[in-house]
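Worksheet: the structure to be examined is printed underneath.
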Amino acid sequence: MQRRWPSASYLEDRDGTAALARRIFDTRLWRADQPLRVVLIGTDFEVRVWETLLKIPMGRAVCYSDIANKIKSPKASRAVGAAVGKNPVSFVVPCHRALGKGGTLTGYHWGITRKQAMLGWEAGQVGVH
């Protein structure tokens, strides 16, 4: 946010953020009839990639090339990777579910260890409900 709006004033609101964070990270609060609404600002290509990420089921992962094929740009795997890396709301838009060719864990803005942890947490959640 600060890169996009460098002159803005930012205030920390722990109480307001806590309720939202609970809704994001507590799978018991996830409801299809009450989706979390987010506004994403990006190029048309980036938004298509992010929308595709939203369709990857929890506990699953796909390769960048799978995403490229899904958005009908089969030769754009590298561009997909760049768009995944520009995702402004990690976890909510599950960029951690995008993997390199053959399922390899590739670069992640917040580090491979965090990506592994997020994928592992999700794998543990599948079947809990």
**Amide H contacts under 5 Å for Leu99, placed H, 5+ residues apart** = Val62, Cys63, Tyr64
**Message:** Taking the beta-carbon count within 10 Å as an exposure proxy, list Arg28, Arg78 from fewest neighbours to most.
**Reply:** Arg28, Arg78
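List Tyr108, Tyr64, Tyr10 from most exposed to least, where exposure is judged by having the fewest other Cβ atoms within 10 Å.
Details: Tyr108 18, Tyr64 22, Tyr10 8.
So the ranking, lowest neighbour count to highest, is Tyr10, Tyr108, Tyr64.
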**Message:** Can you compute the modelled spin-label distance between Asp26 and Lys101, with each label point 7 Å from Cα toward Cβ, in nm?
**Reply:** 4.4
**Request:** Please order Ile56, Ile67, Ile41, Ile112 by the number of other Cβ within 10 Å, starting at the fewest.
**Result:** Ile41, Ile112, Ile56, Ile67
**Message:** Given the -39500 (n - 2.57) contribution per DSSP H run of 4+ residues, what per-residue ellipticity at 222 nm results for the chain, rounded to the nearest 500 deg cm²/dmol?
**Reply:** -12500 deg cm²/dmol
**Complete:** Rounded to the nearest whole number, the Stokes-Einstein translational diffusion coefficient of the chain at 4 °C and 1.567 mPa s (Kirkwood radius, C-alpha pairs) in µm²/s is 81
**Complete:** Rounded to whole angstrom, the alpha-carbon centroid of segment 4-64 lies from that of segment 74-129 at a distance of 14
**Set of lysines near Lys101 by C-alpha distance (under 17 Å), chain-local residues within fewer than 8 positions excluded** = Lys70, Lys75, Lys115
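We did not get these values from a lab; they are worked out from the coordinates using the rules stated. This one's a predicted model, so the numbers in the text were calculated from it and none came from an experiment. Cβ atoms come from the backbone with ideal geometry, glycine included; neighbour counts cover every protein chain shown.
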